[in-house]
Amino acid sequence: MASRTYVQLVRENRDFRRLWIGAIISMMGEWFNTIALFFLILEYTGSEFLLGLLFTVRMAGFAILQPVIGLMADRMNRKILMVTSNLIQMVLALLFLLVNDSSDIVWMIGLSGLMMVLHGVYMTAERAALPNVVDPDDLATANALDAASWSTALCIGAMLGGVVVSYWGTDAAFIVDSLTFLVGTLFLLNLKLPQTIEPSAQGPWITTAIGNIRRGFRRIRSQPPLFRIVFAKASWNVAGGGLAGVYLVLLGADVQGYGAAFGFGLFFFARGIGTGLGPLIARSFFKDENRWPQLVGNLIVLSGFFYVLVATTLDWNLWLTVVLVILAHSASGANWVLSTILMQQWVEDEVRGRVFSADMLVLSIAFSCSTSAAGFLMERSTLSIQQGILLFSSIMVVSGIIFSLWKSEDAVRPLTD
């Protein structure tokens, strides 16, 4: 059966439509929250290091419990996990209203990390569930659209978040964030989500958890191509974390005549446009799936190359910089989606959550190290924004080359106990 178009998939697949709309609404609010947090850190402290620390704590929260989260996604109802995650985040988002001065920044960053733990629950469950609500022929279309929805949420959420913070303040952004979690949950309530739960995932948590987590990692190691592709996103994030998590924020704060909050929104809007376009272009022009494992490495190199151009053209024109950021994240967005599709195709439903949690763990560690290093260097060294972007973009190019040279040609084979 031929794959559906994007419009056909959304119109004809009711469960996918609900999953898709619920995700995009919740993610849109998250970017309102993120822009407000950027603004509060720079307004109250002016610290680039704390800016990097925000992302480090968020991604550490996302990463630390990923092995357990993956197990949860394999042994518990994934719909319930997503609904529960949204409802708890709806309440936690309102606690940011209590931030009043620099003394509140530490617990604000910690609370943001806790929300990322819950976001990790949602994302792992959603990614593991996607192949259960679409036909195999529609999987590439669904993933491209899923990435486009993340990008749309980033574009709209970041830009509107910047406008809301500029005109109505951070409190308004936090209230909007809370409401989006509620609205997104409403679309999940009638979702029918089939799921296969293997017997080995059942039993007391403490006595079964370690063995099941080890089985997920053994599943990855049993298949060399899968082991390699798990590092695709991390190979970008080892430098991309600093570029997207620190330097884009500093570029936004440095935009003259618009205000910092609007500047944040502008560059994260550009990032969202790119991550949305990249998967759509990749799916249209690279139909040979046998070439995808090599392509994801080439895309890392390409993303780094465009960020090199960002560094070398910063003083020319603001809008040229915005276009180059779009191109850089088009490559990274394509890398993300192609590697995700390959994992979904190669891994059986019973352990898919644990494999995706391992993927998230590795990329989160890479992202956290990258943002910490970028924030530290900007605060404690004499590096300029331009020099920092050039350094991290060069690291990304090297990382992409290393990934591309990593050969793993073994045939796909199922796990055997």
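Coordinate-derived values only; no laboratory data. Everything numeric here is computed off the predicted structure, so don't read it as measured data. Neighbour counts run over all protein chains shown; Cβ positions are idealised from the backbone, glycine included.
Which percent of the Cα-Cα distances in the range 69-189 go past 19 Å? Please list the in-between numbers first.
Values: 4151 of 7260 pairs.
That fraction is 57 percent.
Rank W292, S26, N100 by how far each Cα sits towards the positive end of the charge dipole of the range 9-405 (+1 on Lys, Arg Cβ; -1 on Asp, Glu Cβ) and give me just the farthest.
So the residue we want is W292.
Taking the Cβ of L179 as the center, what net charge do the other residues with Cβ under 15 Å away carry, scoring Lys and Arg +1 and Asp and Glu -1?
Values: positive: none; negative: E30, D171, D177.
So the environment of L179 carries a net charge of -3.
Sorted from largest to smallest, which semi-axis lengths in Å does the alpha carbon gyration tensor of the range 9-405 give for its equivalent ellipsoid, taking the root of 5 times each eigenvalue? All intermediate terms of the calculation are to be shown ahead of the outcome.
Working: eigenvalues 193, 123, 79 Å².
Each semi-axis is the square root of five times an eigenvalue, giving 31, 25, 20 Å.
Note the angle between two axes, namely the Cα long axis of helix 78-95 and the longest principal axis of the Cα atoms of the chain, as a number of degrees from 0 to 90, rounded to the nearest 10.
20 degrees
Tabulate in residue order the Karplus-calculated ³J(HN,Hα) for the range 266-278, using 6.51 cos²θ - 1.76 cosθ + 1.60 with θ = phi - 60°, rounded to whole Hz; enter x for Gly and Pro.
Values per residue, Gly and Pro as x: 4, 6, 6, 4, 4, 4, x, 4, x, 5, x, 6, x Hz.
So how tilted is helix 349-380 from the main axis of the chain? Cα-based, degrees 0 to 90, rounded to 10.
The answer is roughly 20 degrees.
Pick out which of M76, M59, M360 has the largest mean-square fluctuation in a Gaussian network model of the chain, springs linking Cα atoms closer than 10 Å.
M76
Pairs of lysine in the chain with Cα under 24 Å and at least 8 positions apart or on different chains: total? Mind showing how you got there, number by number?
Numbers: K79/K192; K233/K287; K233/K407; K287/K407.
Step by step, the pairs that qualify in the chain add up to 4.
Give me the angle, in degrees from 0 to 90, between the Cα long axis of helix 292-312 and the longest principal axis of the Cα atoms of the chain, rounded to the nearest 10.
Compared with the principal axis, the helix lies near 0 degrees.
In the chain, once you exclude exposed trypsin sites (Lys or Arg not before Pro) (DSSP loop, at most 15 other Cβ within 10 angstrom), what's the longest stretch remaining? Present the calculation step by step, with values, prior to reporting the outcome.
Values: sites that count: K192, K287, K407.
Maximal segment without exposed cleavage sites: 1-191.
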